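Visitor: I am attaching a structure below and will ask some questions about it afterwards.
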Amino acid sequence: MTKGLFFSILSICTKDNRYFKYDDKVYKQKKGLPMGSPASTIVADLVMEKLLDTCLEKLKTKPTIVTKYVDDLFVIHDTLTMLNSFSDNIKFTKEEESNGRIPYLDTIIYRNNDSLEVDWYQKPTASGRIINFFSKHPKQMIINTAKNFIHRVLSISD
């Protein structure tokens, strides 16, 4: 795919296709991409890569750890001001650790002496449901979803 074609498609996705439906009403999003759009995670990932490259280059002291998943960052370093200076349309919040623990995605990262360990974590607001066993999805999809969930929990936990 040529760069020109990519940017033409991106323009269609970001400027012409910002509609979403909520409560039986159709809305047009003013800025950004709608949640759930296939292009949203790709564009978010590209923007975050550019943001990290730009911002981390400006820091005098480099962070000990930087990890990213789409638009979620885990950084051990005070970078909030630098990250928030990248764009007026992108603003980060900072979550402080409590009792040596901090949630990141569906994990809880905690200090164990001089190392960091990871365990499975579910936010207090989580419903605990992934997919209803009696839904109209194919049974193999339901079973695989459960198997993948179990595998993920066991493989990410110390």
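The values are calculated or read from the model by the stated rules, or taken from the named source; none is laboratory data. Note that the coordinates shown come from a computational prediction; the quantities given were computed from them, not determined experimentally. Here the Cβ positions follow ideal geometry from the backbone for every residue, glycine too, while neighbour counts run over all protein chains shown. What goes into the accessible areas is simple: the full protein's heavy atoms, side chains included, and nothing from ligands, DNA or RNA. Shrake-Rupley method; radii C 1.70, N 1.55, O 1.52, S 1.80 Å.
Visitor: Using the structure shown, decide if Ser85 is modelled with pLDDT of 90 or more and either on the phi > 0 side of the Ramachandran plot or open to solvent by less than 100 Å² (accessible area, probe 1.4 Å) (or both). Give the derivation first.
Guide: On the way: modelled with pLDDT of 90 or more: yes; either on the phi > 0 side of the Ramachandran plot or open to solvent by less than 100 Å² (accessible area, probe 1.4 Å) (or both): yes.
Judged against the criteria, Ser85 is a match.
Visitor: While we're on this one: Restricting the range 32-57 to residues that are assigned to a helix (DSSP H, G or I) and touching a helix residue (DSSP H, G or I) at 6+ places or on another chain (Cβ under 6 Å), which is surrounded by the fewest Cβ atoms within 10 Å (Cβ to Cβ)? Spell out how you get there, then give the answer.
Guide: Looking only at the range 32-57, we keep the residues that are assigned to a helix (DSSP H, G or I), and these are 38-57.
Imposing the further condition that a residue be touching a helix residue (DSSP H, G or I) at 6+ places or on another chain (Cβ under 6 Å) reduces the set to 39, 55.
Details: Ala39: 15, Cys55: 17.
Restricting to residues being assigned to a helix (DSSP H, G or I) and touching a helix residue (DSSP H, G or I) at 6+ places or on another chain (Cβ under 6 Å), the top hit is Ala39.
Visitor: Restricting attention to the range 17-31, which residues are over 23 Å from the mean Cα position of the chain (by Cα) and open to solvent by less than 100 Å² (accessible area, probe 1.4 Å)?
Guide: Residue satisfying the conditions is Tyr27 alone.
Visitor: Mind telling me which of the residues Asp78, Asp88, Asp158 ends up being among the charged types (D, E, K, R), touching a residue at least 40 places away in the same chain (Cβ under 8 Å) and in a loop (DSSP other than H, G, I, E, B)? Step through it out loud before you land on a result.
Guide: Numbers: Asp78 fails: touching a residue at least 40 places away in the same chain (Cβ under 8 Å); Asp88 fails: touching a residue at least 40 places away in the same chain (Cβ under 8 Å).
Criteria check complete, one pass: Asp158.
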